1. Taking the stretch 77-112 on its own, how many of its residues are within 14 Å of C17 (Cα to Cα), of a type outside the set (A, V, I, L, M, F, W, C) and touching a Gly at 6+ places or on another chain (Cβ under 6 Å)?
2. Could you tell me whether any residue of the stretch 145-157 is open to solvent by less than 60 Å² (accessible area, probe 1.4 Å), basic (K, R) and within 18 Å of A175 (Cα to Cα)?
3. Based on what the data block shows, is F230 hydrophobic (A, V, I, L, M, F, W, C), part of a helix (DSSP H, G or I) and open to solvent by less than 40 Å² (accessible area, probe 1.4 Å)?
4. Any residue at all in the stretch 109-117 that is over 23 Å from W224 (Cα atoms), out of contact with any Lys or Arg (no Cβ under 7 Å at 6 or more places or on another chain), surrounded by 17 or more Cβ atoms within 10 Å (Cβ to Cβ) and aromatic (F, W, Y)?
5. Kindly indicate whether any position in the stretch 58-75 is within 21 Å of Q156 (Cβ to Cβ), out of contact with any helix residue (DSSP H, G or I) (no Cβ under 6 Å at 6 or more places or on another chain) and open to solvent by 40 Å² or more (accessible area, probe 1.4 Å).
6. Given the condition open to solvent by less than 30 Å² (accessible area, probe 1.4 Å) and either touching an Asp or Glu at 6+ places or on another chain (Cβ under 6 Å) or under 26 Å from G198 (Cα atoms) (or both), answer yes or no: does some residue in the stretch 274-287 qualify?
7. Looking at the stretch 279-312, which of the residues that are among the aromatic types (F, W, Y) and outside any helix (DSSP H, G or I) is farthest from R245 (Cα to Cα)?
8. Say whether the condition of being without any contact (Cβ under 8 Å) to a residue 12 or more places away in the chain and under 16 Å from H214 (Cα atoms) is met by at least one residue in the stretch 277-299.
Amino acid sequence: MGHGCAETGEGDVREICVIGGNRYFGKRLIARLTAAGDRVTVINRGSSVPPAGTVHLVADRDDEKALEEALGSRVFDVVVDQVCYTPRQAEIARRVFAGRTRRYVMTSTVEVYEYEDTAEPVAEDAVDPREVAVDLALPWDDREFLDAHYGEGKRQAEAVFAAGPAFPYVAVRVAHVLGGDDDFTGRLEHYADRIRTGGTIVVPAVNRPATYIHVEEIADFLFWTVGEDFTGPVNAASDGPLTTRELCEAISARLPDGRTVLEAVEVGEVSPFSFRRSYGMDNTRAARLGFSFGDARAWLPRAVAETLGEDA
(Lines give C-alpha, C1' and ligand atoms only; values in the text may rest on other atoms or scores of the structure.)
Protein backbone atom coordinates (compact mmCIF):
# COMPACT_ATOMS: atom_id res chain seq x y z
CA MET A 1 0.00 0.00 0.00
CA GLY A 2 1.47 3.28 -1.07
CA HIS A 3 1.46 6.28 1.24
CA GLY A 4 2.20 9.50 -0.61
CA CYS A 5 3.13 12.82 0.95
CA ALA A 6 1.77 16.19 -0.01
CA GLU A 7 4.13 18.88 -1.19
CA THR A 8 4.02 21.27 1.74
CA GLY A 9 7.33 23.06 1.26
CA GLU A 10 8.59 21.62 4.56
CA GLY A 11 9.82 18.17 3.64
CA ASP A 12 7.33 15.46 4.37
CA VAL A 13 5.32 17.30 7.03
CA ARG A 14 1.68 17.47 6.00
CA GLU A 15 -0.95 19.76 7.46
CA ILE A 16 -4.02 17.64 8.16
CA CYS A 17 -7.31 18.82 9.61
CA VAL A 18 -9.70 16.32 11.23
CA ILE A 19 -13.25 17.43 12.00
CA GLY A 20 -14.59 15.31 14.88
CA GLY A 21 -12.73 12.04 15.17
CA ASN A 22 -12.35 11.85 18.93
CA ARG A 23 -13.59 8.29 19.26
CA TYR A 24 -13.44 4.85 17.69
CA PHE A 25 -11.72 4.80 14.28
CA GLY A 26 -11.33 8.59 14.25
CA LYS A 27 -8.93 8.56 17.18
CA ARG A 28 -7.02 5.68 15.56
CA LEU A 29 -6.67 7.73 12.38
CA ILE A 30 -5.31 10.68 14.35
CA ALA A 31 -2.80 8.39 16.09
CA ARG A 32 -1.58 7.14 12.69
CA LEU A 33 -1.24 10.68 11.34
CA THR A 34 0.70 12.00 14.33
CA ALA A 35 2.94 8.90 14.35
CA ALA A 36 3.75 9.60 10.69
CA GLY A 37 4.92 13.10 11.63
CA ASP A 38 1.92 14.98 10.22
CA ARG A 39 0.75 18.17 11.88
CA VAL A 40 -2.84 17.44 12.88
CA THR A 41 -5.46 20.06 13.71
CA VAL A 42 -8.63 18.71 15.35
CA ILE A 43 -11.86 20.69 15.24
CA ASN A 44 -14.71 19.89 17.63
CA ARG A 45 -17.14 21.64 19.94
CA GLY A 46 -14.80 21.26 22.90
CA SER A 47 -16.75 18.52 24.69
CA SER A 48 -13.74 16.21 24.54
CA VAL A 49 -10.00 16.78 24.40
CA PRO A 50 -8.31 15.44 21.24
CA PRO A 51 -5.27 13.16 21.38
CA ALA A 52 -1.94 14.57 22.54
CA GLY A 53 0.26 16.11 19.89
CA THR A 54 -2.57 17.79 17.99
CA VAL A 55 -3.70 21.39 17.64
CA HIS A 56 -7.20 21.79 19.08
CA LEU A 57 -9.67 24.28 17.60
CA VAL A 58 -13.02 24.65 19.34
CA ALA A 59 -15.93 25.47 17.03
CA ASP A 60 -19.41 24.24 16.19
CA ARG A 61 -19.21 23.07 12.58
CA ASP A 62 -22.85 24.15 12.11
CA ASP A 63 -21.88 27.77 12.87
CA GLU A 64 -20.17 29.06 9.72
CA LYS A 65 -18.88 32.28 11.28
CA ALA A 66 -17.46 30.50 14.34
CA LEU A 67 -15.77 27.92 12.10
CA GLU A 68 -14.20 30.66 9.93
CA GLU A 69 -12.97 32.51 13.02
CA ALA A 70 -11.50 29.38 14.62
CA LEU A 71 -9.60 28.51 11.44
CA GLY A 72 -8.22 32.00 10.92
CA SER A 73 -5.69 31.89 8.07
CA ARG A 74 -4.92 28.17 8.38
CA VAL A 75 -4.64 26.05 5.23
CA PHE A 76 -4.32 22.28 4.94
CA ASP A 77 -3.13 19.59 2.59
CA VAL A 78 -6.10 17.39 3.47
CA VAL A 79 -9.25 17.74 5.59
CA VAL A 80 -10.86 14.57 6.97
CA ASP A 81 -14.48 15.17 7.97
CA GLN A 82 -15.66 12.46 10.37
CA VAL A 83 -18.96 14.10 11.35
CA CYS A 84 -20.70 15.40 8.22
CA TYR A 85 -24.27 14.10 8.32
CA THR A 86 -26.35 16.60 6.34
CA PRO A 87 -26.26 18.70 3.16
CA ARG A 88 -26.37 21.85 5.30
CA GLN A 89 -23.18 20.82 7.06
CA ALA A 90 -21.61 19.98 3.71
CA GLU A 91 -22.54 23.40 2.27
CA ILE A 92 -20.93 25.21 5.21
CA ALA A 93 -17.82 23.02 4.95
CA ARG A 94 -17.56 23.61 1.21
CA ARG A 95 -17.72 27.37 1.60
CA VAL A 96 -15.33 27.49 4.55
CA PHE A 97 -12.71 25.10 3.18
CA ALA A 98 -12.76 26.13 -0.49
CA GLY A 99 -9.25 27.46 -1.10
CA ARG A 100 -8.05 26.14 2.29
CA THR A 101 -7.34 22.52 1.30
CA ARG A 102 -6.12 20.51 -1.67
CA ARG A 103 -8.46 17.65 -0.83
CA TYR A 104 -11.52 17.02 1.34
CA VAL A 105 -12.19 13.49 2.64
CA MET A 106 -15.70 12.91 3.95
CA THR A 107 -16.52 9.77 5.93
CA SER A 108 -19.71 8.44 4.33
CA THR A 109 -21.50 5.12 4.79
CA VAL A 110 -22.78 1.89 3.24
CA GLU A 111 -26.21 3.30 4.10
CA VAL A 112 -26.10 5.45 0.94
CA TYR A 113 -26.99 2.18 -0.81
CA GLU A 114 -30.11 1.56 1.29
CA TYR A 115 -32.32 1.39 -1.83
CA GLU A 116 -30.02 -0.90 -3.82
CA ASP A 117 -31.57 -4.36 -3.42
CA THR A 118 -29.24 -6.76 -5.19
CA ALA A 119 -27.40 -9.93 -4.23
CA GLU A 120 -24.32 -8.65 -6.09
CA PRO A 121 -21.82 -6.45 -4.22
CA VAL A 122 -22.69 -2.83 -5.01
CA ALA A 123 -20.12 -0.61 -6.73
CA GLU A 124 -19.77 3.15 -6.29
CA ASP A 125 -21.60 4.05 -9.50
CA ALA A 126 -24.86 2.64 -8.07
CA VAL A 127 -25.22 5.97 -6.25
CA ASP A 128 -23.77 8.86 -8.25
CA PRO A 129 -23.81 11.92 -5.93
CA ARG A 130 -23.99 14.21 -8.98
CA GLU A 131 -27.48 12.81 -9.59
CA VAL A 132 -28.75 13.02 -6.00
CA ALA A 133 -31.29 15.79 -5.35
CA VAL A 134 -30.45 18.08 -2.42
CA ASP A 135 -33.22 19.46 -0.19
CA LEU A 136 -31.89 21.91 2.37
CA ALA A 137 -35.42 22.64 3.62
CA LEU A 138 -35.81 19.23 5.26
CA PRO A 139 -35.60 19.31 9.09
CA TRP A 140 -31.93 18.32 9.21
CA ASP A 141 -31.47 19.93 12.63
CA ASP A 142 -34.08 17.59 14.15
CA ARG A 143 -32.18 14.70 15.77
CA GLU A 144 -35.05 12.25 15.35
CA PHE A 145 -35.44 13.10 11.64
CA LEU A 146 -31.70 12.83 11.09
CA ASP A 147 -31.47 9.45 12.81
CA ALA A 148 -34.34 8.15 10.67
CA HIS A 149 -32.77 9.54 7.47
CA TYR A 150 -29.10 8.78 8.10
CA GLY A 151 -28.46 7.35 4.62
CA GLU A 152 -30.31 10.20 2.93
CA GLY A 153 -28.35 12.79 4.91
CA LYS A 154 -25.06 11.24 3.82
CA ARG A 155 -26.24 10.93 0.18
CA GLN A 156 -27.20 14.60 0.06
CA ALA A 157 -23.97 15.66 1.82
CA GLU A 158 -22.00 13.80 -0.85
CA ALA A 159 -24.12 15.53 -3.51
CA VAL A 160 -23.16 18.96 -2.16
CA PHE A 161 -19.43 18.14 -2.37
CA ALA A 162 -19.87 16.64 -5.86
CA ALA A 163 -21.72 19.64 -7.34
CA GLY A 164 -19.89 22.24 -9.43
CA PRO A 165 -17.69 24.23 -9.32
CA ALA A 166 -15.04 21.54 -8.87
CA PHE A 167 -14.20 20.73 -5.26
CA PRO A 168 -11.60 17.94 -4.74
CA TYR A 169 -13.51 15.62 -2.43
CA VAL A 170 -13.53 11.92 -1.51
CA ALA A 171 -16.55 10.16 0.01
CA VAL A 172 -15.37 7.05 1.88
CA ARG A 173 -18.40 4.77 2.05
CA VAL A 174 -17.66 2.77 5.17
CA ALA A 175 -19.02 -0.73 5.73
CA HIS A 176 -20.34 -1.77 9.16
CA VAL A 177 -17.38 -1.43 11.53
CA LEU A 178 -16.50 -4.12 14.09
CA GLY A 179 -13.78 -4.59 16.68
CA GLY A 180 -11.99 -2.66 19.39
CA ASP A 181 -12.70 -2.52 23.12
CA ASP A 182 -14.32 0.89 22.55
CA ASP A 183 -17.10 -0.17 20.14
CA PHE A 184 -19.81 2.19 21.33
CA THR A 185 -22.66 0.70 19.25
CA GLY A 186 -23.42 -2.23 21.57
CA ARG A 187 -24.38 -4.42 18.63
CA LEU A 188 -22.07 -7.34 19.33
CA GLU A 189 -23.00 -7.11 23.01
CA HIS A 190 -26.66 -7.41 21.97
CA TYR A 191 -25.88 -10.80 20.45
CA ALA A 192 -23.61 -11.86 23.30
CA ASP A 193 -26.28 -11.11 25.90
CA ARG A 194 -28.79 -13.28 24.08
CA ILE A 195 -26.35 -16.10 23.46
CA ARG A 196 -25.32 -16.12 27.14
CA THR A 197 -28.95 -16.47 28.24
CA GLY A 198 -30.28 -18.50 25.31
CA GLY A 199 -32.54 -15.56 24.44
CA THR A 200 -34.16 -15.16 21.04
CA ILE A 201 -32.27 -13.41 18.24
CA VAL A 202 -34.83 -12.10 15.76
CA VAL A 203 -33.84 -12.19 12.09
CA PRO A 204 -35.74 -11.70 8.81
CA ALA A 205 -37.30 -14.77 7.20
CA VAL A 206 -34.81 -14.27 4.36
CA ASN A 207 -31.70 -12.98 6.12
CA ARG A 208 -29.11 -11.42 3.80
CA PRO A 209 -25.36 -11.04 4.40
CA ALA A 210 -23.46 -7.76 4.63
CA THR A 211 -19.88 -6.54 4.26
CA TYR A 212 -17.92 -5.34 7.29
CA ILE A 213 -14.58 -3.74 8.09
CA HIS A 214 -12.38 -3.95 11.18
CA VAL A 215 -11.92 -0.75 13.19
CA GLU A 216 -8.13 -0.85 12.63
CA GLU A 217 -8.59 -1.47 8.91
CA ILE A 218 -10.86 1.54 8.36
CA ALA A 219 -8.32 3.68 10.24
CA ASP A 220 -5.62 2.27 7.94
CA PHE A 221 -7.82 2.99 4.92
CA LEU A 222 -8.47 6.62 5.88
CA PHE A 223 -4.76 7.13 6.62
CA TRP A 224 -3.90 5.69 3.21
CA THR A 225 -6.57 7.84 1.54
CA VAL A 226 -5.01 10.98 3.02
CA GLY A 227 -1.79 10.19 1.14
CA GLU A 228 -3.41 9.47 -2.23
CA ASP A 229 -4.83 11.85 -4.83
CA PHE A 230 -7.99 10.15 -6.14
CA THR A 231 -11.38 11.80 -5.75
CA GLY A 232 -15.06 10.80 -5.70
CA PRO A 233 -16.84 7.98 -3.88
CA VAL A 234 -14.92 4.90 -2.76
CA ASN A 235 -16.18 1.81 -0.93
CA ALA A 236 -14.26 0.64 2.14
CA ALA A 237 -15.10 -2.95 3.09
CA SER A 238 -13.13 -6.06 3.97
CA ASP A 239 -13.25 -8.99 1.58
CA GLY A 240 -16.08 -11.46 2.09
CA PRO A 241 -19.61 -10.84 3.36
CA LEU A 242 -20.73 -12.16 6.75
CA THR A 243 -24.11 -13.54 7.78
CA THR A 244 -25.82 -13.05 11.14
CA ARG A 245 -25.18 -16.74 11.83
CA GLU A 246 -21.44 -16.31 11.24
CA LEU A 247 -21.37 -13.39 13.68
CA CYS A 248 -23.23 -15.51 16.25
CA GLU A 249 -20.88 -18.46 15.72
CA ALA A 250 -17.85 -16.24 16.35
CA ILE A 251 -19.45 -14.96 19.56
CA SER A 252 -20.54 -18.46 20.62
CA ALA A 253 -16.95 -19.66 20.29
CA ARG A 254 -16.15 -17.37 23.26
CA LEU A 255 -19.30 -18.31 25.18
CA PRO A 256 -19.22 -22.13 25.35
CA ASP A 257 -22.12 -22.24 27.83
CA GLY A 258 -24.31 -20.06 25.62
CA ARG A 259 -26.92 -20.97 23.05
CA THR A 260 -27.78 -19.34 19.72
CA VAL A 261 -31.52 -19.21 19.08
CA LEU A 262 -32.46 -17.52 15.80
CA GLU A 263 -36.13 -16.71 15.23
CA ALA A 264 -37.16 -15.76 11.70
CA VAL A 265 -39.97 -13.23 11.25
CA GLU A 266 -41.70 -11.93 8.12
CA VAL A 267 -42.33 -8.43 9.51
CA GLY A 268 -41.32 -6.29 12.48
CA GLU A 269 -38.10 -5.33 14.21
CA VAL A 270 -35.07 -7.55 13.76
CA SER A 271 -31.71 -7.70 15.53
CA PRO A 272 -28.81 -5.46 14.44
CA PHE A 273 -26.67 -6.89 11.64
CA SER A 274 -29.56 -8.88 10.19
CA PHE A 275 -30.93 -7.59 6.91
CA ARG A 276 -33.88 -8.13 4.59
CA ARG A 277 -31.67 -7.19 1.66
CA SER A 278 -28.02 -7.66 0.82
CA TYR A 279 -25.68 -5.03 2.23
CA GLY A 280 -22.59 -5.96 0.28
CA MET A 281 -20.16 -3.40 -1.16
CA ASP A 282 -17.77 -4.01 -4.05
CA ASN A 283 -14.29 -2.85 -2.97
CA THR A 284 -12.71 -3.18 -6.43
CA ARG A 285 -12.10 0.54 -6.91
CA ALA A 286 -10.06 0.85 -3.71
CA ALA A 287 -8.15 -2.32 -4.56
CA ARG A 288 -7.32 -0.96 -8.03
CA LEU A 289 -6.11 2.26 -6.44
CA GLY A 290 -3.71 0.23 -4.33
CA PHE A 291 -5.30 -0.67 -0.99
CA SER A 292 -5.27 -4.34 0.10
CA PHE A 293 -8.22 -5.32 2.29
CA GLY A 294 -8.17 -8.16 4.79
CA ASP A 295 -10.66 -11.02 4.88
CA ALA A 296 -13.57 -10.47 7.25
CA ARG A 297 -13.72 -14.11 8.31
CA ALA A 298 -10.03 -14.00 9.24
CA TRP A 299 -10.33 -11.00 11.58
CA LEU A 300 -13.83 -11.67 12.97
CA PRO A 301 -12.67 -13.80 15.97
CA ARG A 302 -10.22 -11.05 16.92
CA ALA A 303 -12.93 -8.37 16.64
CA VAL A 304 -15.24 -10.36 18.92
CA ALA A 305 -12.44 -10.91 21.48
CA GLU A 306 -11.60 -7.19 21.51
CA THR A 307 -15.18 -6.03 21.93
CA LEU A 308 -16.43 -8.65 24.39
CA GLY A 309 -13.13 -8.96 26.27
CA GLU A 310 -10.84 -11.95 26.48
CA ASP A 311 -12.95 -13.46 29.25
CA ALA A 312 -16.28 -13.05 27.43
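1. Final tally of qualifying residues: 1.
2. The answer is yes; a qualifying residue exists.
3. Numbers: hydrophobic (A, V, I, L, M, F, W, C): yes; part of a helix (DSSP H, G or I): no; open to solvent by less than 40 Å² (accessible area, probe 1.4 Å): yes.
Taking the combined requirement at face value, the residue does not satisfy it.
4. Within the stretch 109-117 (the criterion being over 23 Å from W224 (Cα atoms), out of contact with any Lys or Arg (no Cβ under 7 Å at 6 or more places or on another chain), surrounded by 17 or more Cβ atoms within 10 Å (Cβ to Cβ) and aromatic (F, W, Y)), the answer is yes, since at least one residue qualifies.
5. Yes, the stretch 58-75 has at least one match.
6. Initial filter on the stretch 274-287 (open to solvent by less than 30 Å² (accessible area, probe 1.4 Å)): 274-275, 278-281, 283, 286.
Pick out the ones that are also either touching an Asp or Glu at 6+ places or on another chain (Cβ under 6 Å) or under 26 Å from G198 (Cα atoms) (or both) and you get 274-275.
Scanning the stretch 274-287 turns up at least one residue that is open to solvent by less than 30 Å² (accessible area, probe 1.4 Å) and either touching an Asp or Glu at 6+ places or on another chain (Cβ under 6 Å) or under 26 Å from G198 (Cα atoms) (or both).
7. Going residue by residue through the stretch 279-312, those that are among the aromatic types (F, W, Y) are 279, 291, 293, 299.
Next, only the ones that are outside any helix (DSSP H, G or I) stay: 279, 291, 293.
Values: Y279: 15, F291: 29, F293: 23 Å.
The qualifying residue farthest from R245 (Cα to Cα) is F291.
8. yes
The values are calculated or read from the model by the stated rules, or taken from the named source; none is laboratory data. Just so we're clear, the structure is a prediction, and the values are computed from it rather than from any experiment. So basically every Cβ, Gly included, is an ideal-geometry build from the backbone, and we count neighbours across all protein chains shown. The protein model used for the area step is the full one, side chains on, heavy atoms only, and it has no ligands, DNA or RNA in it. Shrake-Rupley method; radii C 1.70, N 1.55, O 1.52, S 1.80 Å.
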